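A quick write-up on the structure given underneath.
The values are calculated or read from the model by the stated rules, or taken from the named source; none is laboratory data. Remember, predicted model here, so these are calculated numbers, not experimental data. Glycine gets a Cβ as well: all are built from the backbone with ideal geometry, and neighbour counts include every protein chain shown.
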Amino acid sequence: MKKYFTIKIFAGFIFILLFNACVKDSCQNTYNYSFYIPVYKTSAEVRANIKSNPATEIKNPGKIFILGNYIFLNEINKGIHLIDNTNPSAPVNAGFIDIPGNLDIAIKGNILYADLYTDLVALDISNPLNVIKTKIIDGVFPHRYYGSGFMPDSSKIITDWIKRDTTVVQECSSTGWTNTNRGILFAMNAADATKSAGSATIGIAGSMARFALMNNYLYTVSNTDLNAFNISNTSNPAFANKTAVGLNIETIYPFKNNLFIGSANGMFIYNMQSSPANPVKVGEFAHARACDPVIADDNYAYVTLRTGTACRGTNNQMDIIRLNNLTNSALAKTYQFTNPHGLSKDGILLFICDGTQGLKLYDASDVMNLKLIKQISGMETYDVIAYNNIAYVVAKDGLYQYNYSDLNNIRFLSKMGITK
């Protein structure tokens, strides 16, 4: 009887193993994916279409540059919106310049400089509604990199992405992540993939800019280098020099004869007075790893650090750095914020975008004792430029304009919303 009972237990154990094996063999997971298929054009087709075209909807805005009555607003990786801002209370979306891969803008005189993936484009904007190409310099910027093992066709240029939603069933032993050379397949919540180029930003010498103008030079930063272009002949820029700066370079801000370069690990100061084509490093300030937009005035640099970014930051604060001696910059004071992004300064006024807390305006006449003048809530802000009594604010849901000529009555002027 005992032997029979033992056999029953053994047989039952074998049945369980076989059952589990069958379950394991048939185990499957279902994943919801968004598939992005690249749309290609030839280089000749792309360059022929770099001109003033009819206005398009604003969907994924980036950096801006202000010139006269026009706002030049980057549509990330697609081109530049031409916005007639003659009446800031009622701006008009007037046209669009198709420049695939575009992220940055700078303007000197009547010439606009923009990146086209790896190339630098110069455009005559004497008539913004009829721009004319004056020069393209090939291969001066690093190549873009894509996720999921995707390798683009290097003989053509990606001008758009077509989104396709799909469902994929895979065995449990699979990773649930699929690579393909036909496009990019993003697992689960893939909507953020279209934002891979970064959050919306704003910049006429703005804190998020990667292009900067100084005298007869255009300076640009890549992940590791500072590039200098001679633009003494504005319509015919010429590459001058490349300087290795460090790793994880993010932003550049020009002030007088210095370039303030923000990186994930600190701020670098380069002076170009003696050699504009080959700026010389004169100082730096190290901080904890974080993305760090930076602006400066005669005496101080203002640097915001935040969490929740690819920079893997752990602090949400603004560091004010004393610049009396550029070669030995020192921390003056640190202020805590919720999630600070871009910032701008107009005289003693300091504007700070604090993420979901909106826009904060301070009296910075005493940097050791900032005084909050106004907080504008109800929007998630990324960057701001304060210019000629108007604050241009890029937020998650659009571009806002405020008149701050009367600090006791800061007036909302307009909002250009984003089309989802």
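If we keep just the residues of the range 67-77 that are within 18 Å of Ala212 (Cα to Cα) and not polar (S, T, N, Q), which is surrounded by the most Cβ atoms within 10 Å (Cβ to Cβ)? The extreme case among them is Leu73.
Please verify whether Ile136 is in contact with a strand residue (DSSP E or B) (Cβ under 9 Å, 6 or more places away or on another chain), surrounded by 21 or more Cβ atoms within 10 Å (Cβ to Cβ) and part of a strand (DSSP E or B), treating the condition exactly as stated. Answer is no for this residue.
When we screen Thr381, Thr338, Thr334 for residues that are more than 16 Å from Gln317 (Cβ to Cβ) and either in contact with a His (Cβ under 6 Å, 6 or more places away or on another chain) or of a type outside the set (Asp, Glu) (or both), the only hit is Thr381. Scan the range 141-154 and tell me whether some residue there is part of a strand (DSSP E or B), within 23 Å of Gly62 (Cβ to Cβ) and at pLDDT 70 or above. Checked the range 141-154: no residue is part of a strand (DSSP E or B), within 23 Å of Gly62 (Cβ to Cβ) and at pLDDT 70 or above. Selection over the range 87-126 of residues that are touching a residue at least 60 places away in the same chain (Cβ under 8 Å) and of a type in the set (S, T, N, Q) gives a count of 3. Scanning the range 213-239 for residues that are more than 18 Å from Ile269 (Cβ to Cβ), crowded, with 17+ Cβ neighbours inside 10 Å and hydrophobic (A, V, I, L, M, F, W, C) yields a count of 3. Residues that are among the hydrophobic types (A, V, I, L, M, F, W, C) and modelled with pLDDT of 50 or more: does the range 4-19 have at least one? Within the range 4-19, not a single residue is among the hydrophobic types (A, V, I, L, M, F, W, C) and modelled with pLDDT of 50 or more. Does Leu112 meet the test of being in a strand (DSSP E or B), surrounded by 17 or more Cβ atoms within 10 Å (Cβ to Cβ) and at pLDDT below 65? Answer is no for this residue.
Restricting attention to the range 228-253, the residues that are of a type outside the set (Phe, Trp, Tyr) and within 18 Å of the chain's Cα centre (by Cα) total 6.
Inspect the range 87-95 for any residue being surrounded by 21 or more Cβ atoms within 10 Å (Cβ to Cβ), in contact with a helix residue (DSSP H, G or I) (Cβ under 8 Å, 6 or more places away or on another chain) and modelled with pLDDT of 95 or more and give the result as yes or no. Scanning the range 87-95, I find at least one residue that is surrounded by 21 or more Cβ atoms within 10 Å (Cβ to Cβ), in contact with a helix residue (DSSP H, G or I) (Cβ under 8 Å, 6 or more places away or on another chain) and modelled with pLDDT of 95 or more, so the answer is yes. Could you tell me whether any residue of the range 319-328 is hydroxyl-bearing (Ser, Thr, Tyr), closer than 16 Å to Phe260 by Cα and surrounded by fewer than 23 Cβ atoms within 10 Å (Cβ to Cβ)? Yes - at least one qualifying residue is present in the range 319-328.
Residues being crowded, with 23+ Cβ neighbours inside 10 Å, under 30 Å from Glu57 (Cα atoms), in contact with a Cys (Cβ under 6 Å, 6 or more places away or on another chain) and touching a residue at least 24 places away in the same chain (Cβ under 8 Å) are represented in the range 341-351 by at least one member. Any residue in the range 351-365 that is on the phi > 0 side of the Ramachandran plot and at pLDDT 95 or above? Yes, the range 351-365 has at least one match.
Taken over the range 312-339, the residue count meeting the criterion of being at pLDDT below 80 and within 23 Å of Met379 (Cβ to Cβ) is 1. The test for being touching a Leu at 6+ places or on another chain (Cβ under 7 Å) and either not hydrophobic (A, V, I, L, M, F, W, C) or not in a strand (DSSP E or B) (or both) holds for Asn102. The numbered conditions (1) under 23 Å from the mean Cα position of the chain (by Cα); (2) assigned to a strand (DSSP E or B); (3) more than 19 Å from Ile158 (Cβ to Cβ); (4) of a type outside the set (Val, Ile, Thr) are all true for Asn32 except (1). Identify, please: which residue in the range 367-419 is of a type in the set (D, E, K, R) and part of a loop (DSSP other than H, G, I, E, B) and is, among those, nearest to the chain's Cα centre (by Cα)? Once the filter is applied, the top-ranked residue is Lys396. Return the residue satisfying two criteria in turn: it lies in the range 46-66 and is outside any loop (DSSP other than H, G, I, E, B), among the hydrophobic types (A, V, I, L, M, F, W, C) and buried (at least 17 other Cβ atoms within 10 Å of the Cβ), and of such residues it is nearest to the chain's Cα centre (by Cα). Once the filter is applied, the top-ranked residue is Ile64. Tell me whether the range 253-261 contains one or more residues that are under 21 Å from Asp319 (Cβ atoms), crowded, with 17+ Cβ neighbours inside 10 Å and among the hydroxyl-bearing types (Ser, Thr, Tyr). Yes, the range 253-261 has at least one match.
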